[in-house]
Structures are given as C-alpha cells and as structure tokens.
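Accompanying notes for the structure given below.
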Amino acid sequence: MIIDAETKLVGLIGHPVSHSFSPFIHNTAFEIIGLNYKYITFDVLPEHLKDALKGIIALGIKGVNVTIPHKEIVIENLDNVSPEARIIGAVNTIVNENGILSGYNTDVYGFTESLKKYKEIISNTPVFIFGAGGSARAVIYSLITNFQPERIVIANRNTSRAEGLVRYFSQVLGYKDFEVKEFFFPEIAGDIKSSRLVVNTTPIGMHPNINDLPVKTNEIFHEGQIVYDLVYNPPMTKFLKLAQSKGAEVISGIEMLILQASKSFELWTGKEMPIAEVKKFLLQKLKSRKRKNDT
Ligand code: NAP
C-alpha cells in the first residue's frame, strides 16, 4: 500500500528494536485487509522516553508497542493503565486517543486466548513454569485469573526472584498455592511429570542457541500433557520436539506472539487482525530465514 497524506502511523518503542517481528506482523495485516496504516520501529534510549511519548502525541501517532527497557517505567508516564498491566507492572501497548495515552498488556490476552480451548483440562490441575521474568508475570496472572490451577510450581535460576514474584501475586491476587524450586535436575523432574501444563518462559532454546534445553530428559513428558514454549524463534523448539516425541500436546510461542499482536492491532485500529493469514506469512518468513542460515 502506498504511503499518502492519509496514512496513519503505529510502531514500536524500545532499545534495541532491530530484531522485532512486530513490523512484519502488523504491516502484513494492514496489507491483507487494505488498511492505510504503517508500523515502524523507534529505537528510544531510556533518557528519551518522556520526549518520545510527547512526540507520539505531537505527531498524532495512533499507538505503539513497548519493549525492553521501557515496559515497566513507562507506566508512570501514562494517563490510563489497564488493571492487568498495572498488576503485572508492565505495558506492552499504548493507545493515543486525542492526546490521552492509555497503556495495556496484551501478552495476557495472547497467552489466555492461546490456551482457551484447554481451559477444562487445565483447571484444578498442577502447572509447572520455567522462569520468573517479565513474561512469567503475564503467564501467572493469566493462569490465576482465567484457569484456576490447583498449584503453580516455578523453577528459576534465581530463586529469590521467583519468591518475590510469588509473594507479590499471593498478595495482589490472593492465590496461595505456589511452590518455588531451584532449576535443577533431577530434583524438578517429578514436578514436571505430574503437571498437566508445562510452560517455558525462559529464552532457553531461542535462536541462535537452538540446541539449548530447559530439561535434561524427555522421560518427564507424556500423553495428556500440554507443553507450551514462549520462545517463537524457532517456532518449533527442541523443547517442544522432545515433549511431542512422548505424546504431549505442544504449543509454540508463535501463537501467543500473534494473538498479543492481534489485540494491539484491534486497540489501535478497531479492526480484527486476519490472524490465520498473518501466521501463515510469518511462518513462511521464518522458514526462509532458516533455509538461508542453513546454507
Ligand atoms: P526476562 O524478563 O529476561 O526473564 C527471563 C527468565 O528466564 C528469568 O527468569 C531468567 O532467570 C530465566 N533465564 C534466562 N536465561 C536462563 C538460562 N540460561 N538458564 C536458566 N534460566 C534462564 O525475559 P522475558 O521477557 O520473560 O522473556 C523470556 C522469553 O519469552 C524470551 O525468549 C521472549 O522472546 C519470550 N517471550 C515470548 C512472547 C510471545 O508472545 N511468544 C512474549 C513474551 C516473551 P533468572 O531470574 O535466574 O535470571
């Protein structure tokens, strides 16, 4: 679509922003449904964040995604913050409505939507989570508010970080059935095996370290389990392949990535993202990148 005097702008603020898939996802969606919008990235240093927000208003940019290192600190500079973004403590989407900036966390929507069809299976069963960083916060919020797990076991390298997260969510959401474990095998093998849902929220296995794994064996996986990797590049991680080899149902981080983007898209444009088509093009792009890297 040609850029003209009517083109509306959305984008991403972060530092760095060069590896983001969001421009591809959103620009593909704009092309497919013929919306006169463009999505571009803005590399914003922390000391320029406030000016960047003023710039969004001054230039009439419709909204932005927010990534590292601004997701948390940006909250104090917004006019409105959605309840889930406030509880999680991170905003990944800002909407500019006539100079009023509102912040949302669409990761929660992305994770919740991607698991919706498993709700019955997950409710009142144990859940195991690797990691206690930013994405774990969105995952835990989603699980507690939508899926009512019987217990949530968190394994993290830095256990005091996980304990802090548990204290926080127990206090704000009143959920008490947490357990924190050190990230050690075979100590956590039994907990993984007995969990109906296993979620990797660490970057282990992400490109270019695609042979790294958060687990040491596939003996912990079995039929009836749902294994979710938030890593989306590659779409099918070694971790997921291992789980699948034992009959577990697997979910790629691509699902959450596209669904969280679809929510931002809707907040900015009022239109639905053509999710299936965008996903098809994104997977093609990742495949052709892999072919290039392999040759
Ligand atoms: P983060 O805030 O930096 O947290 C990373 C977590 O992983 C921490 O708990 C960290 O443990 C742990 N970790 C990192 N490297 C590790 C290693 N080598 N061994 C053991 N633990 C390790 O990152 P994040 O924002 O949560 O993102 C994590 C991953 O999720 C990334 O790959 C990101 O791309 C992906 N993600 C995907 C989506 C999606 O839509 N699919 C959305 C958000 C994030 P310590 O606390 O001990 O350092």
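Tilt of helix 106-115 relative to the longest C-alpha principal axis of the chain, in degrees (0 to 90, nearest 10)?
Computed tilt is about 50 degrees.
Connecting C-alpha atoms closer than 10 Å in a GNM of the chain, tell me which of Ala189, Ala138, Ala243 has the biggest fluctuation.
Highest fluctuation among the options: Ala189.
What's the long-distance tail for region 150-201, i.e. % of Cα pairs beyond 17 Å?
When every Cα pair of region 150-201 is considered, 35 percent fall beyond 17 Å.
Over all directions, how big on average is the projection of the convex hull of the alpha-carbon atoms in the chain, in square nanometres?
Its average projected convex-hull area is 15.8 nm².
Could you work out how far helix 49-59 tilts from the main Cα principal axis of the chain, as a 0 to 90 degree angle to the nearest 10?
On a 0 to 90 degree scale, this one is about 50.
Determine Rg/Rh for region 109-251; Rg is computed over alpha-carbon atoms and Rh is the Kirkwood hydrodynamic estimate from the same atoms.
Computed over Cα atoms, the ratio is 0.93.
Counting each DSSP H run of 4 or more residues in the chain as -39500 (n - 2.57), what helix-only mean residue ellipticity at 222 nm follows after dividing by all residues, to the nearest 500 deg cm²/dmol?
About -11500 deg cm²/dmol.
Taking only Cα atoms, what is the 0 to 90° angle, nearest 10, from helix 22-33's long axis to the longest principal axis of the chain?
It works out to around 60 degrees.
With every protein chain present, what is the per residue accessible area of the chain (1.4 Å probe, Å²)?
With all protein chains present, the chain gives 48 Å² per residue.
Can you tell which of Gly110, Gly55, Gly14 shows the greatest fluctuation in a Gaussian network model of the chain with Cα springs below 10 Å?
Between Gly110, Gly55, Gly14, it is Gly55 that shows the largest mean-square fluctuation.
How much length would be gained if the chain were fully extended between Ile210 and Ile2, taking 0.36 nm per residue of separation minus their Cα-Cα distance, in nm to one decimal?
Full-extension gain reported as 71.1 nm.
Tell me the relative contact order for the chain as a rounded percent, counting alpha carbon contacts under 8 Å between residues six or more apart.
15
For region 109-251, which whole percent of the accessible surface, found with a 1.4 angstrom probe, sits on carbon and sulfur atoms?
48
Whole-Hz Karplus ³J(HN,Hα) for region 255-271, in order, using 6.51 cos²θ - 1.76 cosθ + 1.60 and θ = phi - 60°, x for Gly and Pro?
For region 255-271, the Karplus-derived couplings read 4, 5, 4, 6, 5, 5, 5, 5, 5, 4, 3, 5, 5, 7, 10, x, 10 Hz, x marking Gly and Pro.
The values are calculated or read from the model by the stated rules, or taken from the named source; none is laboratory data. Here the structure is a predicted model, which is why all the values come from computation and not from measurement. The protein model used for the area step is the full one, side chains on, heavy atoms only, and it has no ligands, DNA or RNA in it. Shrake-Rupley method; radii C 1.70, N 1.55, O 1.52, S 1.80 Å.
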